[in-house]
Amino acid sequence: MRKILITRRLIKSSEEYASKFFNVKLNKEDKLLTKNELVNQSYDCDGILSSIAENLDAEVISKLSDKIKIISNFAVGYGNIDVEAAKKRNIVVTNTPDVLTDATAEIAILVLLGAARRAKEGIEWANKKNWKWSADFLMGKQLTGSRLGILGMGRIGGAVADRARSFGMKIHYFNRSRLKKNLEKDAVYHKSLESLLSVSDFLSINCPATKETKHIINEKTIKNFPDGAVISNSARGDMIDDEAMVKALKSGKIFSLGLDVYNGEPNIHPEYLALPNVFVLPHLGSSTIKTRVAMGDLAVSNIIEFFKTGKCKNKIN
Ligand code: GLV
């Protein structure tokens, strides 16, 4: 029987599923492994089922045992893995697309609404118990009738668009390539980021973290937004230059920001925690029972498929 290391605790049923097919090394305490622990614990394994909390960079990949043939990431994003370094060592990398689309789109809407409707301040006031109704109490921005820019119109961006349409938002998007008409529906395609931002009363960031998208929202590009725009990020922290964003939030150029993801997670920029107009969640995007079970099962199935056929439909390198 082949052996795999599952770096973090999964939902029990997914671990049981894995045990039917593999000799599994589990992380019962669910402790984050250091780079050395990851290398040492996987030395006698044929595969690794990793999470986004581990950084499988070129250095770690270079130290992995020759036995390792697959890294199956428990996530759709794989910015935590140096995919090219893995390819050079003939290690297949897989991810878990589709199964988390709906859950993540729900969180994208939650952080967008949380920011727009000043939920952070509202919760603080409600907890203080001394709030009073008034006609201008915590007035926010309304989604209905506004323009929503979507940066990255993949599966999750598309699911965010579907939900936003039901709020009566007009959808605009910027993507590596234009979508086919039937997928685009009524969304307006923009050829450049600047053009998208210039019409984004609201922006939802849903693109993958790559070299090209790092700090794509920065001091220069922020200038393109209409004054008082609302931004949400439920993809990866990398897309936002935090210092530039803090400045824009303080000046009012950006009305508010909703975040589920951060540069250097689990750390959160201290200004984001201090500012009243930043609504934050601790990376809950795919965290529903249904989705986490589906992700665990898919991450295991990817390894089964690979060892059975030598291929895997969710292979990314
Ligand atoms: C979660 O953040 C994922 O990429 O699946």
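The values are calculated or read from the model by the stated rules, or taken from the named source; none is laboratory data. Just so you know, these numbers come straight off a predicted model, no measurement behind them. Cβ sites come from the backbone with ideal geometry, for glycine too, and all protein chains shown count toward neighbours.
Within region 19-78, work out how many residues are surrounded by 21 or more Cβ atoms within 10 Å (Cβ to Cβ), touching a helix residue (DSSP H, G or I) at 6+ places or on another chain (Cβ under 7 Å) and among the small types (Gly, Ala, Ser).
2
For region 92-110, how many residues are outside any helix (DSSP H, G or I) and away from the ligand (no atom under 12 Å from the Cβ)?
3
Looking at Gly168, Gly158, Gly145 in this structure, which one is in a helix (DSSP H, G or I) and at pLDDT 95 or above?
Sole residue among the options that is in a helix (DSSP H, G or I) and at pLDDT 95 or above: Gly158.
Within region 218-235, track down each residue that is among the hydrophobic types (A, V, I, L, M, F, W, C) and in contact with a helix residue (DSSP H, G or I) (Cβ under 6 Å, 6 or more places away or on another chain).
Residues of region 218-235 among the hydrophobic types (A, V, I, L, M, F, W, C): 222, 225, 229-231, 235.
Selection gives Ile222, Phe225, Val230.
Out of all the residues in region 41-48, is one or more in the same structural domain as Ala294 (by TED's automatic domain parsing), in contact with a Lys or Arg (Cβ under 8 Å, 6 or more places away or on another chain) and in a helix (DSSP H, G or I)?
Checked against the condition, which is being in the same structural domain as Ala294 (by TED's automatic domain parsing), in contact with a Lys or Arg (Cβ under 8 Å, 6 or more places away or on another chain) and in a helix (DSSP H, G or I), region 41-48 yields at least one hit.
Being more than 16 Å from the ligand (Cβ to nearest atom) and without any contact (Cβ under 8 Å) to a residue 12 or more places away in the chain narrows it down to one residue among Ser13, Ser19; which is it?
When all the criteria are applied, what remains is Ser19.
Give all pairs with beta carbons closer than 8 Å in which a residue from region 291-302 that is surrounded by fewer than 21 Cβ atoms within 10 Å (Cβ to Cβ) meets a residue that is assigned to a helix (DSSP H, G or I); count only pairs at least 6 apart in sequence or on separate chains.
Thr291/Asp102; Thr291/Ala103; Val293/Ser13; Val293/Ser14; Asp297/Ser13; Asp297/Ser14; Asp297/Tyr17
If a residue has to be within 26 Å of the chain's Cα centre (by Cα) and either assigned to a loop (DSSP other than H, G, I, E, B) or more than 9 Å from Val300 (Cβ to Cβ) (or both) to count, how many in region 4-30 make the cut?
Total satisfying the criteria: 13.
Inspect all residues belonging to region 239-248 and state whether any of them is within 16 Å of the ligand (Cβ to nearest atom), among the aliphatic types (A, V, I, L, M) and assigned to a helix (DSSP H, G or I).
Yes, that holds for at least one residue.
Test Lys313 against the stated conditions and say whether it is basic (Lys, Arg), closer than 28 Å to Gly140 by Cβ, at pLDDT 95 or above and more than 16 Å from the ligand (Cβ to nearest atom).
no
Taking region 201-238, which residues are crowded, with 17+ Cβ neighbours inside 10 Å, in a helix (DSSP H, G or I) and either among the charged types (D, E, K, R) or more than 16 Å from the ligand (Cβ to nearest atom) (or both)?
Once the filter is applied, which keeps residues that are crowded, with 17+ Cβ neighbours inside 10 Å, in a helix (DSSP H, G or I) and either among the charged types (D, E, K, R) or more than 16 Å from the ligand (Cβ to nearest atom) (or both), region 201-238 yields Ile222, Asp238.
List pairs: first residue in region 223-250 and farther than 23 Å from Leu100 by Cα and in the same structural domain as Leu273 (by TED's automatic domain parsing), second residue within 16 Å of the ligand (Cβ to nearest atom) and assigned to a loop (DSSP other than H, G, I, E, B) anywhere in the structure, Cβ distance under 8 angstrom, at least six positions apart or on different chains.
Going by the 8 Å Cβ cut-off, the qualifying pairs are Asp242/Asn263.
If a residue must be surrounded by fewer than 17 Cβ atoms within 10 Å (Cβ to Cβ) and in a loop (DSSP other than H, G, I, E, B), how many such residues does region 180-191 contain?
Going through region 180-191 one residue at a time, the tally reaches 4.
Please tell me if Leu33 is in contact (Cβ under 8 Å) with a residue 24 or more places away in the chain, under 13 Å from Gly296 (Cβ atoms) and not in a helix (DSSP H, G or I).
Here the answer is no, as Leu33 does not meet what is asked.
Restricting attention to region 184-200, does a residue exist that is within 16 Å of the chain's Cα centre (by Cα), more than 16 Å from the ligand (Cβ to nearest atom) and modelled with pLDDT of 95 or more?
no
Whether any residue in region 256-274 is within 13 Å of the ligand (Cβ to nearest atom), within 30 Å of Ile91 (Cβ to Cβ) and polar (S, T, N, Q) is what I want to check.
Looking for residues that are within 13 Å of the ligand (Cβ to nearest atom), within 30 Å of Ile91 (Cβ to Cβ) and polar (S, T, N, Q), one finds none in region 256-274, hence no.
Can you report the number of residues in region 59-91 which are under 20 Å from Thr34 (Cβ atoms), polar (S, T, N, Q), within 16 Å of the ligand (Cβ to nearest atom) and not in a loop (DSSP other than H, G, I, E, B)?
Result for region 59-91: 1.
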